[in-house]
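Here is the structure we will look at, set down as structure tokens.
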Amino acid sequence: MADTPVPILMYHSVATAPNDATRALSVAPEAFAEQMAMIGDLGFTPVNTADLAASWRSSRPLPRRPLLITFDDGYEGVHRHALPVLAKHGFAATLFVSTGWIKGGHDTGGGLDTMLDWDQVRELAAADVEIGGHSHTHPQLDQLDDGTLRHELIHCKEIVADELGTVPASFAYPYGYSSRRVREAVRETGYAQALAVGNGLARRRQGPYALQRVTVRRSTGIEEFERLVEGRSIARNFARDRALTKGYAMVRRARQVRRKAIRTRV
Ligand SMILES: [Zn+2]
């Protein structure tokens, strides 16, 4: 269908022991594995950002229940913890790197926690993770003057192209902030699509430079996660979700019991 809403999940770090700067937006490796299992169980087909946008541009059909898994900034845990899980399921994903935060020759020292190095970014790319841009130093782009804004976008694109041998096609706005001027600059730099942050699912009518993502947090329980990907209200069930400390194994068991009950009835 032309305007089927698509969940675009925004992750940051996947870490067992995140620091204070990244804790709220980091996800525990076990939680990440559970979430990926649920995506598979619910019949979603993860695609990368460029493929979603290309399909929407050309009206080419998308796979069944498309969904995007994205990671911002470039934390080391994406390679250590997320990549093996993605590979196990055969899930596509997109990593948006702030080039000045990645360890190595372009490092400006701004990274908030242990960051990937370029060899790890290349390994992710080789494992079918799309590498997109996320600026060079992670500023609030709408606060920059034109020259600095262009530099942030172009420098990021050139470094990714130099390090990977492929020009990045997709971009994610740091902090999700953009303005008309920022979106135009991103387009003029050569990025074909860009992701923002919102509270809803992405739709074609949002346009290729303002696709909304939903945030996955350390506090996101598995039932809330299910509501996120299904596009159901988050706030309404918040209290109930807080009370649910049981893991996905139990949720899954309950669902199986329910299915069995339905089967025996008919
Ligand atoms: Zn970021």
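The values are calculated or read from the model by the stated rules, or taken from the named source; none is laboratory data. It should be emphasised that the depicted structure is a prediction, and the values quoted were computed from it without experimental measurement. When we count neighbours, we look across all protein chains shown, and the Cβ atoms used for this are built from the backbone with ideal geometry, even at glycine. The protein model used for the area step is the full one, side chains on, heavy atoms only, and it has no ligands, DNA or RNA in it. Shrake-Rupley method; radii C 1.70, N 1.55, O 1.52, S 1.80 Å.
A few points about this structure:
- Over the range 1-133, the alpha carbon radius of gyration divided by the compact-protein estimate 2.2 N^0.38 Å works out to 1.06.
- Max mean-square fluctuation residue, GNM over the chain, Cα-Cα springs under 10 Å, options GLY133, GLY231, GLY165: GLY165
- Take the chain with all the other protein chains still there, run a 1.4 Å probe, and you get 47 Å² of accessible area per residue.
- Placing +1 on the Cβ of every Lys and Arg and -1 on the Cβ of every Asp and Glu, with no other charges, gives the range 8-233 a dipole of roughly 1020 debye about its Cα centre.
- In plain terms, the bigger the Kirkwood radius, the slower the diffusion; for the range 134-176, with that radius from Cα pairs, at 37 °C and 0.692 mPa s, Stokes-Einstein puts D at 308 µm²/s.
- Helix-only [θ]222 nm of the chain, DSSP H runs n ≥ 4, -39500 (n - 2.57) each, per residue, nearest 500: -11500 deg cm²/dmol
- Placed amide H near PHE171: partners under 5 Å, 5+ positions off or other chain: GLY133, GLN193, ALA194, LEU195
- Amide N proximity, the range 177-218 versus ILE154 label position 7 Å along Cα-to-Cβ, cut-off under 11 Å: 189
- Using the Karplus relation 6.51 cos²θ - 1.76 cosθ + 1.60 with θ = phi - 60°, the per-residue 3J(HN,Hα) values for the range 88-100 come to 4, 8, x, 8, 6, 7, 10, 10, 9, 9, 8, 4, x Hz, with x marking Gly and Pro.
- For the options SER219, SER58, SER170, a Gaussian network treatment of the chain with springs between C-alpha atoms closer than 10 Å singles out SER58 as fluctuating the most.
- Share of carbon and sulfur in the accessible heavy-atom surface of the chain [1.4 Å probe, %]: 50 percent
- Rounded to two decimals, the Cα-based Rg/Rh of the range 113-243, with Kirkwood Rh, is 1.02.
- Amide H contacts of PHE96 (H built 1.01 Å from N, under 5 Å, at least 5 apart or other chain): PHE71, ASP72, ASP73, GLY132
- Ratio of Rg to Rh over the chain (Cα coordinates, Kirkwood Rh, two decimals): 0.98
- Compared with the dominant principal axis of the Cα atoms in the chain, helix 29-41 is inclined by about 70°.
- DSSP-defined antiparallel bridges as percent of all bridges, the chain, nearest 5: 10 percent
- Added length on full extension, which subtracts the Cα-Cα distance from 0.36 nm per residue, SER59 to GLN140: 25.9 nm
- Normalising the average separation of contacting C-alpha pairs (under 8 angstrom, six or more residues apart) by the number of residues puts the relative contact order of the range 8-233 at 21 percent.
- Selected from ARG150, ARG64, ARG203 as most flexible by GNM, with the chain as the system and alpha-carbon contacts under 10 Å: ARG64
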